[in-house]
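Okay, structure first, notes after.
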Amino acid sequence: MPVVLSRRASFLALLPQVFIEHQRRVPGLESSTNSARQSDPAHVRTRPSAAEATRSRASLATSARTAPAGSSARQPRPPEASRRGAGTGSAAAALTVRRAAAGHLARLARAGVRGAAPEHWYAITALSDPGPAFAGDEQITISPSQVEAFTTCGLRWLLASAVGAQEGGPNEYSTMGKVVHAVAEMAGADDGISEVDVAERLDEIWNDLDFRSTWYSEKQREQATRMVDKFLAWHRDNPNEVVALEESFKVDLGRVVIKGRIDRAERDEQGRAVIIDIKTSTTAVPKDDLARHPQLGVYQYAVMLGAFERHGLIEPGGAKLVQVGKAAFTARAREQEQPPPGEDADPDWPKKLVEIVATGMAGEVFQARANDKCRTCPVRSCCPVHDEGGQVGD
Ligand code: SF4
């Protein structure tokens, strides 16, 4: 049964209602990063005993609610034969163990121990709100990065971005990203920038950072210097005119608003807009996924909608990821380019993508999709696709 997640519900109350439609893919995203894996049943973990586990948990909850006061503390230890039987599936032994567990839970609940009372258990919490995530007339604001996040995994988007279980505090990767972006902005604004200027700027930034130890700070500084050098070499060889740096944009489409911030907008020799996104990550986007990379696609759609008209940029001429981290693979920056939508078999694909994602975000069901980033997912412990999160779905 599909279950509804509401923006008004509390985070924990939402968890048991997560419904996984493992194989249903968002139409129109055939080239998205994990599309091939999503269509492969081997990549989706299922729980054949989920219904059974739910019945079992409900039964235990009933026992815990009805267990007599103090019963657990005085529960006799199950006979040896019964304990052995519990391991071999003996119904009588299992019942004994169940009663003992229920007694203990009842005692803990009466003592006010958090999580002991069945009313607090994720899997039997009542549905908090059956409505959609957005009210009918509420505006849906989406950003290019959110479009990418949602297409990768709807559940992660909901819990990590929309509900607020954020990705954690600043880490070394986001710090490194900010450092490189700060230098990139300075270099883009001043063609005459020297290596001394860059080193001074890096020193300035580094003085404000806390890496907790000198050796680690030095190690990170070396890495930042390598990334900055790659970027500067790329910047010097880049033939396009830099038009905008670190600029925010907003496009109002009525129910949907696209808001974002670009690292850099350039004008190519044909006067078209080329949007640049600088990446410091360790993994590159697979070549086959670039043509319909969601984030780049939304940038290009924003150009078409006039987001950079003030700079005379109204026609998209492509968008690029500039990889300066390990994903560059070499000592030089690596460009990963998406052609203009007009060169795609379906020039309207970015528009359709935004419509599909906005509809999905405003919906009632959010799919968990196993993907390459599950390993570092901040809400994995709440995700029924994985063993760690099974508690909220069984
Ligand atoms: S662990 Fe994977 S499938 Fe689960 S929410 Fe996170 S990204 Fe989605």
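Of the residues that make up segment 361-379, is at least one assigned to a helix (DSSP H, G or I), more than 14 Å from the ligand (Cβ to nearest atom) and either free of Cβ contacts under 8 Å to residues at least 24 places away in the same chain or not acidic (Asp, Glu) (or both)? So far as segment 361-379 goes, yes, one or more of its residues are assigned to a helix (DSSP H, G or I), more than 14 Å from the ligand (Cβ to nearest atom) and either free of Cβ contacts under 8 Å to residues at least 24 places away in the same chain or not acidic (Asp, Glu) (or both). Please go through segment 274-312 and pick out each residue that is part of a strand (DSSP E or B) and under 25 Å from the mean Cα position of the chain (by Cα). Once the filter is applied, which keeps residues that are part of a strand (DSSP E or B) and under 25 Å from the mean Cα position of the chain (by Cα), segment 274-312 yields Ile275, Ile276, Asp277, Ile278, Lys279.
Is there a residue in segment 342-350 that is within 16 Å of the ligand (Cβ to nearest atom) and either among the small types (Gly, Ala, Ser) or touching a residue at least 40 places away in the same chain (Cβ under 8 Å) (or both)? Taking every residue of segment 342-350 in turn, none turns out to be within 16 Å of the ligand (Cβ to nearest atom) and either among the small types (Gly, Ala, Ser) or touching a residue at least 40 places away in the same chain (Cβ under 8 Å) (or both). The single condition from (1) within 30 Å of Leu232 (Cβ to Cβ); (2) within 16 Å of the ligand (Cβ to nearest atom); (3) at pLDDT 95 or above that Val357 fails is (1). Pick from segment 266-286 the residues that are touching a Leu at 6+ places or on another chain (Cβ under 6 Å) and within 22 Å of Val179 (Cα to Cα): which of them is surrounded by the most Cβ atoms within 10 Å (Cβ to Cβ)? Of everything passing the filter in segment 266-286, Lys279 is surrounded by the most Cβ atoms within 10 Å (Cβ to Cβ).
The values are calculated or read from the model by the stated rules, or taken from the named source; none is laboratory data. This is a predicted model, so every value here is computed, not measured. Don't worry about glycine lacking a Cβ; one is built from the backbone with ideal geometry, like all the others, and counts go over all protein chains shown.
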